[in-house]
Amino acid sequence: MDEMKKFRRSYILLSALYVVLGIVLLVWPTSSVQMICYTLGFVMVVLGITYGILYFTKDRLSGVLQMDLVIGIVCLAFGAFILLNPEFLAAVLPFAMGIILLLGAVVKLQSALNMKRLGFKKWYLVLILALIIVFLAALLLWNPFTADKYMILYTGACLVLDGLTNLVSMVCIFYRVKTLNKIQAQYPDREMDLKELLEMKEKQE
């Protein structure tokens, strides 16, 4: 349960950051590329230092199977590289954002299927949005834009759409799972499958 809560918080935070970053790109398209490079580099350095501190301050037994030190070194090295070579990230930004959007679309496809299993009548809307984001990501990978400003504006709009879709779908899923868990808790001596839980939910409504 604790792991589920951590995942939910991290996912919602990441989706919110997508929306914020998208808005920043839409508001300041001309100066955003350099800002993103330095911001990402700084964040990666901070993450690297944080993971390193976690590794050396954890209880040895609980941390023996963790990869905090390796992750910390990778993040620190990547962050330092970006800070020292911001033009590299600027050059590959459209490709990198396209890949990120494609990965996000895969997550949304799974979210759509999960929503269908959980009994959402309009689960197909998330599926449609996932397919739209696949098309938008493919266009970003192709990068037909004649000016960086238009590419940044397009990327910002994609991130806002991607982040909002994540937020709405995942909040709906988590809320539905929480509701079904409450129903199951009302019958501790009876093990119900998903279909039975959904039927119980409809009866209670």
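The values are calculated or read from the model by the stated rules, or taken from the named source; none is laboratory data. Worth saying up front: this structure is predicted, and the values here are computed from it rather than measured. As a convention, Cβ positions derive from the backbone with ideal geometry for all residues, glycine included, and neighbour counts pool all protein chains shown. To get the accessible areas, we keep the full protein, side chains included, count just its heavy atoms, and leave off ligands, DNA and RNA. Shrake-Rupley method; radii C 1.70, N 1.55, O 1.52, S 1.80 Å.
Things worth noting here:
- Residue-averaged 222 nm ellipticity for the chain, from DSSP H runs of 4+ at -39500 (n - 2.57), nearest 500: -29500 deg cm²/dmol
- Subset of K122/K149; K108/K195; K116/K201 violating a 25 Å alpha-carbon distance limit: K122/K149
- For segment 178-192, 3J(HN,Hα) per residue [Karplus equation, 6.51 cos²θ - 1.76 cosθ + 1.60, θ = phi - 60°, Hz, x = Gly/Pro]: 4, 5, 5, 5, 5, 5, 4, 5, 6, 10, x, 8, 10, 8, 10
- Working ranking of peptides 180-191, 70-81, 102-113 by packing, defined as the average number of other Cβ atoms within 10 Å per residue, highest first, is 102-113, 70-81, 180-191.
- Read-out Rg and Dmax of the Cα atoms in Å, derived from the coordinates shown; its label in (1) 18.5, 59; (2) 20.7, 65; (3) 17.5, 60: (2)
- Between G119 and any residue 5 or more places off or on another chain, the built amide H atoms are never under 5 Å apart.
- From phi via Karplus (6.51, -1.76, 1.60), per-residue ³J(HN,Hα) for segment 136-142 in Hz, x at Gly/Pro: 5, 5, 4, 5, 5, 5, 5
- Positive-end residue of F174, L21, A96, charge dipole of the chain with Cβ unit charges: F174
- Among T146, T165, T39, the largest mean-square fluctuation in a Gaussian network model of the chain, built with springs joining Cα atoms closer than 10 Å, belongs to T146.
- Whole-percent carbon and sulfur share, accessible surface of the chain, 1.4 Å: 69
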